[in-house]
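K.L.:
I have a structure here, written as structure tokens, and I will follow up with some questions on it.
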Amino acid sequence: MSNLSPTTTAEPCAPEPARPTLQMIPGRLTDLGGLAIRRLLPRTGRRLVGPWCFFDSYGPLSFAAGKPMDVAPHPHIGLQTVSWLLEGEVVHHDSLGLAGTAVPGVLNLMTAGRGIAHAEETPAQNAGRLRGVQLWVALPEASRAEAPAFASHRDLPRVELDGGAATLLLGCLAGARSPARAFSPVVGADVVGAAGRRLALPLDPDFEHAVVPLAGETLLEGQPLAVDTLYYLGCGRREFVLESGSRPLRALLLGGAPFGETILMWWNFVARTTEEIVAAREDWQSGRRFGDVRAYAGARTPAPPFLARPVPR
Ligand code: MN
């Protein structure tokens with residue numbers, strides 16, 4: 001989806017050295033015409049987890065009519081979008097002419113590279129429910145001029161863990177590897193833990209990680225963790241143990257090698273300089289570079305105003 005609460009200036013997001021830690025980052029709530037959205041990344045105090053640079057969680061919502069998700073065509077550069085649903089459906093159409101419907105268990109992964117435009121909508125045939133997450137992965141310098149691409153992944157690996165199981169969205173966990181294309185060392189997994197059990201997550205100690213409870217009852221050393229809240233774990237852990245209460249837990253595990261590059265985020269762009277952002281914005285406004293999303297019936301999203309300020313180093 002689109003960044004629905006852009007600032008007028010760009011946000012520098014610098015990776016920091018990290019050790020094992022536990023930092024709780026509450027989400028910031030916004031509302032899109034009745035659809036509640038919690039922004040978990042970037043937040044004050046936590047900009048990146050490995051290459052993960054953006055995280056919106058939305059719903060749950062029940063609806064009888066209409067389209068709770070209707071994000072008109074908008075551009076992206078320098079990132080991958082990861083669309084993952086817990087309930088309902090979201091249809092993607094892009095300027096490459098590709099389409100894909102994300103439903104629970106089916107990952108939509110779009111690589112923006114040097115530039116793509118897409119739209120995301122609730123389809124006419126729907127379950128009347130919507131609950132999902134949208135994340136962005138920053139592309140490293142060596143890959144951010146790649147050609148744009150889109151893929152729906154229907155056969156993601158599921159691995160059994162001590163006390164539960166994980167579905168691999170991106171990267172590797174417990175010997176399984178996601179078929180989705182990644183450009184830097186990364187992990188993203190949807191983990192479930194059986195009620196009343198301890199769930200041991202095997203981690204790469206060279207990665208930094210975060211856990212976001214999505215549903216059910218997730219505890220850490222007997223204390224309940226809040227849903228839609230990012231718990232940053234730092235680097236240097238080989239394992240992280242969560243417990244479920246009387247209900248099973250469901251959480252996202254995110255991680256990756258500390259990114260090592262300072263990115264500059266504005267609206268739907270991940271860049272390095274304000275000049276790049278200005279050029280991408282002008283290209284979108286004047287109909288260059290990104291192409292048209294022909295499958296979307298309606299006007300595209302105009303770029304918000306951008307104030308190019310000196311970027312603090
Ligand atoms: Mn988008």
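The values are calculated or read from the model by the stated rules, or taken from the named source; none is laboratory data. Quick caveat, the model's predicted, so the values are computed rather than measured. Counting neighbours? That spans all protein chains shown, and the Cβs are built from the backbone with ideal geometry, glycine included. Heavy atoms of the whole protein, side chains included, go into the accessibility calculation; ligands, DNA and RNA do not. Shrake-Rupley method; radii C 1.70, N 1.55, O 1.52, S 1.80 Å.
K.L.:
Can you compute the FRET efficiency between residue 114 and residue 160 using 1/(1 + (r/R0)^6), with r the Cβ-Cβ distance and R0 = 41 Å? Round to the nearest 0.05.
P.N.:
Working: r = 40 Å, r/R0 = 0.97.
Using R0 = 41 Å, I get an efficiency of 0.55.
K.L.:
Ignoring any ligand, DNA or RNA, what whole percent of the accessible area of the chain comes from carbon and sulfur when the probe is 1.4 angstrom? Write out the running numbers ahead of the final one.
P.N.:
Values: 6560 of 12650 Å².
Whole-percent figure for carbon plus sulfur exposure: 52.
K.L.:
Which residue, chosen from 161, 37, 241, occupies the Cα position most advanced towards the positive end of the dipole of the chain, where the dipole is computed from +1 (Lys, Arg) and -1 (Asp, Glu) charges on Cβ about the Cα centre?
P.N.:
The listed residue farthest towards the positive side: 37.
K.L.:
Along the Cα→Cβ direction, 7 angstrom out, place labels at residue 299 and residue 64. What is the inter-label distance in nm?
P.N.:
Taking the two extended label points, one gets 3.1 nm.
K.L.:
Using all Cα-Cα distances in the chain, what percent lands in each 10 angstrom bin from 0 up to the longest?
P.N.:
Distribution as computed: 6, 28, 37, 22, 6, 0 percent.
K.L.:
Let me ask something else about it. Please report, in debye to the nearest 20, how large the charge dipole of the chain is about its Cα centre when each Lys and Arg carries +1 at its beta carbon and each Asp and Glu carries -1 there. It would help to have the intermediate numbers written out before the result.
P.N.:
On the way: 30 positive and 30 negative charges, 44 e Å.
My answer is approximately 220 debye.
K.L.:
Another question about this same structure. Per residue of the chain, what 222 nm ellipticity follows from adding -39500 (n - 2.57) for every DSSP H run with n ≥ 4, rounded to the nearest 500? Present the calculation step by step, with values, prior to reporting the outcome.
P.N.:
Values: 1 runs with 12 residues, N = 313.
My calculation for the chain gives -1000 deg cm²/dmol from helical runs alone.
K.L.:
Under 20 Å from a label point 7 Å along Cα→Cβ of residue 241: give me every residue in the stretch 171-201 with its amide N that close.
P.N.:
Correct set: 174, 191-201.
K.L.:
Compute the accessible area per residue over the stretch 91-231, keeping the other protein chains in place, probe 1.4 Å, unit Å². Don't skip to the answer; put the middle values down first.
P.N.:
Numbers: 5270 Å² over 141 residues.
So the stretch 91-231 comes to 37 Å² accessible per residue, rounded to a whole number.
K.L.:
Give the peptides 278-290, 60-72, 22-34, 185-197 in descending order of average Cβ contacts within 10 Å, highest first. Could you put the intermediate results ahead of the total?
P.N.:
On the way: 278-290: 16.4, 60-72: 14.8, 22-34: 13.2, 185-197: 20.8.
By packing density, highest mean first, the sequence is 185-197, 278-290, 60-72, 22-34.
K.L.:
Between residue 28 and residue 181, 0.36 nm times their residue separation minus their Cα-Cα distance comes to what? Intermediate values should be presented prior to the final figure.
P.N.:
On the way: separation 153, 0.36 × 153 = 55.08 nm, distance 2.96 nm.
Going from the current span to full extension adds 52.1 nm.
K.L.:
Evaluate the distance, in nm, between pseudo-label points positioned 7 Å from the Cα of residue 9 and of residue 101 along their respective Cα→Cβ axes.
P.N.:
Using points 7 Å along Cα→Cβ, the separation is 4.5 nm.
K.L.:
Mind checking the dipole of the stretch 30-151: about its Cα centre, +1 per Lys or Arg Cβ, -1 per Asp or Glu Cβ, Debye to the nearest 20? Spell out each step's value before the answer.
P.N.:
Values: 10 positive and 10 negative charges, 89 e Å.
Dipole of the stretch 30-151, to the nearest 20 debye: 420 debye.
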